[in-house]
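Working notes for the structure below.
The values are calculated or read from the model by the stated rules, or taken from the named source; none is laboratory data. Keep in mind it's a predicted model, so treat the numbers as computed, not measured. Here the Cβ is made from the backbone with ideal geometry for all residues, glycine too, and neighbour counts use every protein chain on show. Protein only, heavy atoms only, side chains kept; ligands, DNA and RNA dropped before computing areas. Shrake-Rupley method; radii C 1.70, N 1.55, O 1.52, S 1.80 Å.
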Amino acid sequence: MIEASKKKWFNNLFSTFIKERQIRPFFHTIHVRADDVPTPGLFLSTHSSWWDGMILLMLNEYYLRHDVHALMDEDGLRRFPFFRHLGAFSIKKGKLSDVRASLDYANRLLLAGKSVWVFPQGREYPQEHRPLEIGSGATMLIHNPEVRLCAIYYTFASHAAPLVYVRFRNHTVVSKTRRDQKQELAKALERLYDDTRDDVIAQSDRYIELFPPKRSLADWTEHVLQLGRGRS
């Protein structure tokens, strides 16, 4: 497996680049809601888009501020090795010894008080795909019964650019067997996903903006037209 090799200077540089050149030009803003305080530990997140990893980076940089590490497919990490400097470490599916090595490494990070992010669905699925299913690997990381869940939901509204809604919720695992734990966590994550979608539909005001939205061309056009109407 490939271990993480975090470098603070690279994290600062890359986070600024992602925010200013990727997130802000393409998204109106990121809205965040926490049902419970997301303290360091094991995070299980929904996975519907390539953007999820970048959203995670923004969440940690501007909201959580944890010593965070993330599980990443080994082929992907070999293609983009610089993600090691952000806290990514690899997992190679198909060989049990490689999977165990990655999970042992993740467990050592958790025992050291760090945060480990996992996308337990294994790959991207459409947001409305049901039932939500997860792999069994996440259950092998449960030493503390309290797991942090995260739902990332993308949507369009009255702005030209899409919005991102992120909702956190703690979940205490009560099942005893890994099979039951897997089903329990899948249902809990699906419920959080649905609740986040309901928030979007209801236009909930219980979210905060991760950073101020950047005006798009459409926003500037509307602003200019409003100024023109005011002068007429």
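Below is a table of values for the structure above.
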item: Check on Pro126, farther than 19 Å from Val37 by Cα and open to solvent by 70 Å² or more (accessible area, probe 1.4 Å); result: yes
item: Of all residues making up the range 167-178, the number that are open to solvent by 50 Å² or more (accessible area, probe 1.4 Å) and either under 18 Å from Val37 (Cα atoms) or touching a residue at least 24 places away in the same chain (Cβ under 8 Å) (or both); result: 3
item: Criterion (small (Gly, Ala, Ser) and in a loop (DSSP other than H, G, I, E, B)) met by exactly one of Ser97, Ser102, Ser90, Ser158; result: Ser158
item: The range 67-81, residues that are open to solvent by 30 Å² or more (accessible area, probe 1.4 Å) and touching a helix residue (DSSP H, G or I) at 6+ places or on another chain (Cβ under 7 Å); result: Leu71, Met72
item: Residues (part of a helix (DSSP H, G or I) and surrounded by fewer than 17 Cβ atoms within 10 Å (Cβ to Cβ)) located in the range 52-66; result: Tyr62
item: His143 vs. criteria without any contact (Cβ under 8 Å) to a residue 40 or more places away in the chain and either within 24 Å of Arg123 (Cβ to Cβ) or of a type in the set (A, V, I, L, M, F, W, C) (or both); result: no
item: Filter pass, Lys19 being in contact with a His (Cβ under 8 Å, 6 or more places away or on another chain), more than 13 Å from Trp117 (Cα to Cα) and either of a type outside the set (Ser, Thr, Tyr) or outside any strand (DSSP E or B) (or both); result: no
item: Unique match (being open to solvent by less than 60 Å² (accessible area, probe 1.4 Å), touching a residue at least 40 places away in the same chain (Cβ under 8 Å), of a type outside the set (Gly, Ala, Ser) and not in a loop (DSSP other than H, G, I, E, B)) among Leu132, Leu109; result: Leu109
item: Near pairs, Cβ below 8 angstrom, 6+ apart or cross-chain, from the range 75-97 (of a type in the set (S, T, N, Q)) to any residue that is at pLDDT below 90; result: Ser90/Met1
item: Which numbered condition Asp199 misses (of (1) under 24 Å from Val118 (Cβ atoms); (2) charged (D, E, K, R); (3) open to solvent by 50 Å² or more (accessible area, probe 1.4 Å); (4) in contact (Cβ under 8 Å) with a residue 40 or more places away in the chain); result: (3)
item: Condition met for Lys182 (out of contact with any strand residue (DSSP E or B) (no Cβ under 6 Å at 6 or more places or on another chain) and over 30 Å from Ser97 (Cα atoms)); result: no
item: Sole exception among (1) touching a residue at least 40 places away in the same chain (Cβ under 8 Å); (2) open to solvent by 80 Å² or more (accessible area, probe 1.4 Å); (3) closer than 28 Å to Asp194 by Cα for Trp117, by number; result: (2)
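Per-residue answers, yes or no, for (1) closer than 23 Å to His129 by Cβ; (2) among the hydrophobic types (A, V, I, L, M, F, W, C):
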{"residue": "Lys176", "(1), (2)": "no, no"}
{"residue": "Lys182", "(1), (2)": "yes, no"}
{"residue": "Glu190", "(1), (2)": "yes, no"}
{"residue": "Thr196", "(1), (2)": "yes, no"}
{"residue": "Val200", "(1), (2)": "yes, yes"}
{"residue": "Pro213", "(1), (2)": "no, no"}
